[in-house]
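What follows is a short report on a single structure.
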Amino acid sequence: MKKFVSSMIFGLVLATGLAVALPASAQEVNRTITITRDSKVGGQAVTKGEYSIKFAEGKDGDLVLLKGKKEVLKASYKVTKLSQPASDTSVRYVAGADGSFQVKRIEFKGKSEAISFE
């Protein structure tokens with residue numbers, strides 16, 4: 001009986017430790033970016049300017065773009081590995097056939113991962 005209780009306590013401690021550790025691995029972060037041209041993020045129009053973004057670092061998910069405290073949009077992203085850490089925080093664009101610009105990737109200074117949009 002004593003061995004059974006010890007096993008149960010060990011199991012509960014282990015489960016609690018895993019429950020606490022797992023959310024920390026994909027921590028939500030806030031960053032500031034500057035969008036230098038009127039463009040689209042995840043197919044949604046955005047005007048140029050400074051924005052705050054929230055996303056889960058290190059895993060695919062949804063990015064929230066904020067202007068001040070107002071949510072402008074949510075867009076799905078994928079984490080992309082870079083060949084070397086980014087030298088600066090930058091927003092990369094691609095031109096569409098209609099002449100509009102689409103935000104393709106956001107890189108963060110010193111990080112070897114970027115967030116990419118379809």
Taking the conditions exactly as written (at negative phi and within 14 Å of the chain's Cα centre (by Cα)), does residue 82 satisfy them or not?
no
Return the residues of the stretch 97-114 that are touching a residue at least 12 places away in the same chain (Cβ under 8 Å) and surrounded by fewer than 16 Cβ atoms within 10 Å (Cβ to Cβ); say none if nothing qualifies.
100, 109, 110, 111, 112
Consider residue 58 against the criteria (1) assigned to a loop (DSSP other than H, G, I, E, B); (2) farther than 18 Å from residue 27 by Cα: it satisfies all of them except one. Which criterion is unmet?
(2)
Of the residues in the stretch 57-73 that are in contact (Cβ under 8 Å) with a residue 24 or more places away in the chain and over 11 Å from the mean Cα position of the chain (by Cα), the one that is farthest from residue 102 (Cα to Cα) is 72
Identify all residues within the stretch 61-96 that are assigned to a loop (DSSP other than H, G, I, E, B) and surrounded by 15 or more Cβ atoms within 10 Å (Cβ to Cβ); write none if there are none.
89
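Just so you know, all these numbers are worked out from the coordinates, no wet-lab data involved. Given the structure is predicted, the values throughout are model-derived calculations rather than measurements. All Cβ positions, even for glycine, are placed from backbone atoms using ideal geometry, and neighbour counts span all protein chains on display.
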